[in-house]
1. Looking at the structure I just gave you, is G41 open to solvent by less than 50 Å² (accessible area, probe 1.4 Å) and either among the charged types (D, E, K, R) or farther than 13 Å from L106 by Cα (or both)?
2. Open to solvent by 50 Å² or more (accessible area, probe 1.4 Å), more than 15 Å from P114 (Cβ to Cβ) and of a type in the set (D, E), is that true of D33?
3. Name the residues in region 11-30 that are part of a helix (DSSP H, G or I) and open to solvent by 60 Å² or more (accessible area, probe 1.4 Å), would you?
4. If you check A39 against the conditions, is it modelled with pLDDT of 95 or more and touching a Ser or Thr at 6+ places or on another chain (Cβ under 7 Å)?
5. Give me the pairs, please: first residue somewhere in region 91-110 and closer than 16 Å to F14 by Cα, second residue anywhere and surrounded by fewer than 21 Cβ atoms within 10 Å (Cβ to Cβ) and of a type in the set (F, W, Y), beta-carbon distance under 8 Å, and either six or more positions apart or on two chains.
6. Identify all residues within region 4-30 that are under 13 Å from I113 (Cα atoms) and out of contact with any Gly (no Cβ under 9 Å at 6 or more places or on another chain); write none if there are none.
7. With the requirement that a residue be among the β-branched types (V, I, T) and either out of contact with any Gly (no Cβ under 7 Å at 6 or more places or on another chain) or crowded, with 20+ Cβ neighbours inside 10 Å (or both), what does region 78-111 give you?
8. Out of all the residues in region 47-77, which are surrounded by 15 or more Cβ atoms within 10 Å (Cβ to Cβ) and over 18 Å from L12 (Cβ atoms)?
Amino acid sequence: MPAFSTRVHALLDFVLAIALASSPWWGGFAGPDPETWIAVGVGVAVVLYALLTDNELGVVKRMQMTLHLWIDALAGLFVAASPWVFSFDQRVWIPHLGLGLLLLALAVVSHTIPGYERRGTARHPSR
């Protein structure tokens, strides 16, 4: 059984996205290099598609949670592998590997159906 509800997943998405997008500054590697733009770009992308997801914190609710989780997993793998793929592993790799693996793990251990649909309540906005 998945460990995280879609509500908790949505909240953690925003936390991880902010941590990832801000990591160049708190990690001391901000600059015009791939390590900065990958972290910032993927962090911003996670926020954008989280807002489009059909879960409790989604605003537009156009993307199914299953697709969202697949994108999370792929984004996590991309960020985790990026230091070696883009050859900046000699300068920085811990934030990318750590946050990428967290994003991947969050995708694996989250529910695919929002809580309001699992409970069968009428609180879900009509499509």
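1. yes
2. Yes: the conditions hold for D33.
3. In the first step, residues of region 11-30 are kept if they are part of a helix (DSSP H, G or I); the result is 11-26.
Selection gives L11, V15, I18, W25, W26.
4. Working: modelled with pLDDT of 95 or more: yes; touching a Ser or Thr at 6+ places or on another chain (Cβ under 7 Å): yes.
When the stated conditions are applied, A39 passes them.
5. Pairs found: G100/F78; L106/F4; A107/W70; S110/F4.
6. Listed by number, the residues that qualify are F4, V8, H9.
7. Keep residues of region 78-111 that are among the β-branched types (V, I, T), which gives 79, 85, 92, 94, 108-109.
Scanning region 78-111 gives V79, V85, I94, V108, V109.
8. K61, Q64
The values are calculated or read from the model by the stated rules, or taken from the named source; none is laboratory data. In this text, all values refer to a predicted model and were calculated from it rather than measured experimentally. Counting neighbours? That spans all protein chains shown, and the Cβs are built from the backbone with ideal geometry, glycine included. All accessible areas refer to the heavy atoms of the entire protein, side chains included, with ligands and DNA or RNA removed. Shrake-Rupley method; radii C 1.70, N 1.55, O 1.52, S 1.80 Å.
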